[in-house]
Amino acid sequence: MPSATYAATAPRGQAFEIHPFDGAVGAEIIGLDLAQPLNDTDFARIHRAHLDHHVVVFRDQRITPEQQIAFSRRFGELQIHVLKQFLLAGHPEVLIVSNIIEQGAPIGLGDAGKFWHSDLSYKPLPSLGSMLHAQELPSEGGDTLFADMHKALDALPAELRKAIEGRQAAHSYTARYSEPKFEGDWRPRLNAEQLAQVQEVIHPIVRTHPESGRKALFVSEGFTTRIVDLPEDESRELLAELYRYSVLPQHIYRHQWQPHDLVFWDNRSLIHLAAGCPGHLRRKLYRTTIQGDAPF
Ligand code: OGA
Ligand code: MN
């Protein structure tokens, strides 16, 4: 193809910078506009940053839900959340994460992450990564925490590592479903059809990242219910130990939201937690969820 034609059709590159954070994980991307078309070279840089830093923060993104969906799709197929009542009208690929009540009814999922978890680990094909785009932020609180599960695995003492070798664990969406933890908890009852979509699944406790080849711990207090083939008390104690190593402070990045942040994390490398905010303050974010591989 003559270069003139190519120049006319391929989007121009954007001059953006990737700044890794000082702490355990994460990087911020400055000077990129996701409302503009993204060429393959720029996309490859972003993809690399996501693999290397596990969570990337795109600052100041004035993008529409359609643009968030289009960008998310470049990483894979999107997953539609089981709570249909909280999907954005006209865009079921977007889950509304919000504590806002309008006309007596919540407009979104109010407690999208009040226990540490990896999104959709309760599905046979859990999420590769999720994107949250800030729509309305509280003046206080509302942070999201991310913990590095590669580092968690590396930190395990030898006996603990041996105790989980080759083992699998069960994950269930309803594991902690009805446990209130913070003020203003609200979760709709699941109907039979929804319950059928969230049957328990079994995944390896140590998974291999399909793109980087690195191993990571893959259990969480939010969705993991038991270790397969272990007596219940042993399973409970072992999981409690694993959870303790999963959230060592030196392995955590705490995201303090800024207006128009778009945060994209890797659910194969991290677990995350919503720190919560005072119930009377409004918080609303749009989430897209990209499907990943079967953990191995
Ligand atoms: C999520 C989630 C955390 C938050 O949307 O998957 O866990 O801080 N959200 O809202
Ligand atoms: Mn989540």
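The values are calculated or read from the model by the stated rules, or taken from the named source; none is laboratory data. On a predicted model such as this, the values are computed, not experimentally measured, just so you know. Don't worry about glycine lacking a Cβ; one is built from the backbone with ideal geometry, like all the others, and counts go over all protein chains shown.
A few points about this structure:
- Residues of segment 127-173 that are of a type in the set (Phe, Trp, Tyr) and at pLDDT 95 or above: 146 alone.
- Scanning segment 198-212 for residues that are touching a Lys or Arg at 6+ places or on another chain (Cβ under 6 Å) and closer than 17 Å to residue 291 by Cα yields 208, 209.
- Residue check for residue 219: among the β-branched types (Val, Ile, Thr) and either modelled with pLDDT under 95 or in a loop (DSSP other than H, G, I, E, B) (or both): yes
- Just one of the listed residues (15, 8, 24, 4) is at pLDDT below 95 and either surrounded by 13 or more Cβ atoms within 10 Å (Cβ to Cβ) or touching a strand residue (DSSP E or B) at 6+ places or on another chain (Cβ under 8 Å) (or both), namely 24.
- Taking the listed residues 125, 95, 83, the one that is under 30 Å from residue 242 (Cα atoms), touching a His at 6+ places or on another chain (Cβ under 9 Å) and aliphatic (A, V, I, L, M) is 95, with no other qualifying.
- Once segment 110-140 is narrowed to residues that are within 17 Å of residue 73 (Cβ to Cβ) and not polar (S, T, N, Q), the residue that is farthest from the chain's Cα centre (by Cα) is 125.
- Scope segment 249-296; condition in contact (Cβ under 8 Å) with a residue 12 or more places away in the chain, of a type outside the set (S, T, N, Q), more than 16 Å from ligand 2 (Cβ to nearest atom) and part of a loop (DSSP other than H, G, I, E, B); matching residues: 259, 260, 278, 279, 281, 282, 293, 294, 295, 296
- Whenever a residue of segment 124-135 is within 13 Å of residue 173 (Cα to Cα), its partners that are assigned to a strand (DSSP E or B), lying with C-beta atoms within less than 6 angstrom and at least six residues away or across chains, give the pairs 124/201.
- For residue 294: the one exception among (1) over 15 Å from the mean Cα position of the chain (by Cα); (2) crowded, with 24+ Cβ neighbours inside 10 Å: (2)
- Scanning segment 42-83 for residues that are without any contact (Cβ under 8 Å) to a residue 60 or more places away in the chain, among the small types (Gly, Ala, Ser) and surrounded by fewer than 17 Cβ atoms within 10 Å (Cβ to Cβ) yields 44, 70.
- Within segment 95-120, being crowded, with 22+ Cβ neighbours inside 10 Å and more than 10 Å from ligand 2 (Cβ to nearest atom) holds for 96, 99, 108, 110.
- Only one of 272, 251 that is touching a strand residue (DSSP E or B) at 6+ places or on another chain (Cβ under 9 Å), more than 10 Å from ligand 1 (Cβ to nearest atom) and modelled with pLDDT of 95 or more: 251
- Just so you know, in segment 70-123 the residues that are of a type in the set (Lys, Arg) and more than 9 Å from ligand 1 (Cβ to nearest atom) include one that is farthest from residue 292 (Cα to Cα), and it is 84.
- Looking at segment 72-169, the strands (runs of 3 or more DSSP E) lying wholly inside it that each contain 2 or more residues that are β-branched (Val, Ile, Thr) sit at 91-98.
- Residue tally, condition surrounded by fewer than 21 Cβ atoms within 10 Å (Cβ to Cβ) and within 15 Å of ligand 1 (Cβ to nearest atom), over segment 124-143: 8
- Test: residue in segment 153-175 that is within 16 Å of ligand 2 (Cβ to nearest atom), of a type in the set (A, V, I, L, M), surrounded by 15 or more Cβ atoms within 10 Å (Cβ to Cβ) and within 14 Å of residue 204 (Cα to Cα): no
- Number of the condition not met by residue 262 [criteria: (1) in contact with a His (Cβ under 9 Å, 6 or more places away or on another chain); (2) surrounded by fewer than 21 Cβ atoms within 10 Å (Cβ to Cβ); (3) under 22 Å from residue 21 (Cβ atoms)]: (2)
- Answer residue from segment 275-296, given it is in contact with a Pro (Cβ under 8 Å, 6 or more places away or on another chain) and within 11 Å of ligand 1 (Cβ to nearest atom) and is farthest from residue 117 (Cα to Cα) among those: 283
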